[in-house]
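Scroll down for the structure; my scribbles are underneath it.
The values are calculated or read from the model by the stated rules, or taken from the named source; none is laboratory data. Source: prediction; values computed, not measured. Here the Cβ positions follow ideal geometry from the backbone for every residue, glycine too, while neighbour counts run over all protein chains shown.
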């Protein structure tokens, strides 16, 4: 589906962005690992997160959808059911990398995981390697790609130093640690999203952080109370970027998760000169057992270029394409370094973003681990292909709103993976 987005006045109003995708995945998985029903409010109704509900149902959990919530009746920590067919993760990379952590410790069970064409291009060796050290057996296509088969085995705790900062790999290993004999420790080179650790703390898991080391102990069972999923900062970022780029715009993002490991993009926005007002969480001591929620006020403002350093990348990984777009309108040069992980998303986001924005009139060059943008010219407009990537689809829409001539997005339907109501929300803020 091709959709054209044209420049047409400011964005104004208050909007509740859709529920957080990362938290929705984790809420469904953790609920499926408990013995008692877990009510979940605010769960994201989108393609990726619905794949997680389908996956836990295939493993024996009962998912009851209600008008304003859903209830997951889990199978317990060690009782995942055999699946009659391969578990289809769709386009959900988070699900693909977290699920093996739970299944690897189900002694005697065997499951095959597959997905769409994009998933089949995404490597799983980063999770297969530590799980193999713990005693799991994973057989992947060509040794590193889906479809892959997990054969559950007795696991032993390990100390694993992440070669690349990744919340998904960290979470996979910690999930496996719940079923392993002895403690399991993950060492992070730089901080990444801590949703899994917070949810563990809420479930009574014995988990501790000491600097860059996170250690979890084996559990007999999990106990989770009702869960609420707040608004997704990664989805909110696209609305915020549009407001920053279009003159006279001012919006309020209501009910957004303000976890410090997810708001790196908003701090970058502030550094570039945008008006961003609201209580963004500072790095806490220890591991909290909840997620902070905030109301964030965003308004248009003149931008200056900035440099995003490698230590900032995990805290804004999904929003870095927007940094490239903002750089087109900023005075001076904008540089992103240390973001080679972008090459392993739904598309090669470095190549796709650089090629896409250059086609709209940007002065931008790719590097091995990021990009360099020469700004202060804005964008002419044109056509951009989403390549089946939800973030690129929304990037093209924001570029069109901020451009001089408008942008046609090829494959706009990809936005439904994480933000099904994106077009309607943009239209509401422009009316």
| message | Please determine whether any residue of the range 50-59 is more than 21 Å from the chain's Cα centre (by Cα) and either surrounded by fewer than 23 Cβ atoms within 10 Å (Cβ to Cβ) or within 25 Å of residue 192 (Cα to Cα) (or both). | response | yes
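Can residue 99 be described as at pLDDT 95 or above and within 23 Å of residue 25 (Cα to Cα)?
Taking the combined requirement at face value, the residue satisfies it.
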| Taking strands (runs of 3 or more DSSP E) that fall entirely within the range 146-258, which contain at least 2 residues that are outside the structural domain of residue 42 (by TED's automatic domain parsing) and either modelled with pLDDT of 95 or more or crowded, with 22+ Cβ neighbours inside 10 Å (or both)? | 250-257
| said: Regarding the range 313-327, can at least one residue be identified that is more than 25 Å from residue 18 (Cα to Cα) and either out of contact with any strand residue (DSSP E or B) (no Cβ under 7 Å at 6 or more places or on another chain) or modelled with pLDDT of 95 or more (or both)? | reply: yes
| task | For residue 301, indicate whether it is modelled with pLDDT of 95 or more and within 22 Å of residue 332 (Cβ to Cβ). | result | no
| query | Does residue 76 satisfy being touching a residue at least 60 places away in the same chain (Cβ under 8 Å), assigned to a loop (DSSP other than H, G, I, E, B) and in contact with a strand residue (DSSP E or B) (Cβ under 9 Å, 6 or more places away or on another chain)? | reply | no
| field | Qualifying residue in the range 119-133 (condition: more than 25 Å from residue 339 (Cβ to Cβ), modelled with pLDDT of 95 or more and assigned to a loop (DSSP other than H, G, I, E, B)) | value | no
| request: Considering each residue of the range 362-409, count those that are out of contact with any strand residue (DSSP E or B) (no Cβ under 7 Å at 6 or more places or on another chain) and over 18 Å from residue 302 (Cα atoms), and give that number. | output: 14
| task | Would you confirm whether any residue within the range 378-387 is in a loop (DSSP other than H, G, I, E, B), more than 24 Å from residue 307 (Cα to Cα) and under 19 Å from the mean Cα position of the chain (by Cα)? | result | yes
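Rundown of residues vs (1) under 18 Å from residue 244 (Cα atoms); (2) touching a helix residue (DSSP H, G or I) at 6+ places or on another chain (Cβ under 7 Å); (3) surrounded by fewer than 24 Cβ atoms within 10 Å (Cβ to Cβ), yes/no style:
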residue: 371; (1), (2), (3): no, yes, no
residue: 375; (1), (2), (3): yes, yes, yes
residue: 384; (1), (2), (3): no, yes, no
residue: 388; (1), (2), (3): no, yes, yes
residue: 393; (1), (2), (3): no, yes, no
residue: 400; (1), (2), (3): yes, no, no
residue: 404; (1), (2), (3): yes, no, yes
residue: 409; (1), (2), (3): no, yes, no
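Restricting attention to the range 96-134, which residues are farther than 21 Å from residue 221 by Cα and out of contact with any helix residue (DSSP H, G or I) (no Cβ under 8 Å at 6 or more places or on another chain)? Please lay out each step first, then the result.
Here is the first cut: in the range 96-134, the ones farther than 21 Å from residue 221 by Cα are 96-97, 110-130, 132-133.
Residues satisfying the conditions are 110, 112, 116, 117, 118, 120, 121, 125, 129, 132, 133.
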| query | Consider residue 257 against the criteria (1) within 27 Å of residue 166 (Cα to Cα); (2) touching a residue at least 24 places away in the same chain (Cβ under 8 Å); (3) out of contact with any strand residue (DSSP E or B) (no Cβ under 9 Å at 6 or more places or on another chain): it satisfies all of them except one. Which criterion is unmet? | reply | (3)
| request: Take the residues in the range 261-300 that are under 20 Å from the mean Cα position of the chain (by Cα) and assigned to a helix (DSSP H, G or I), then tell me which one is nearest to residue 210 (Cα to Cα). | output: 264
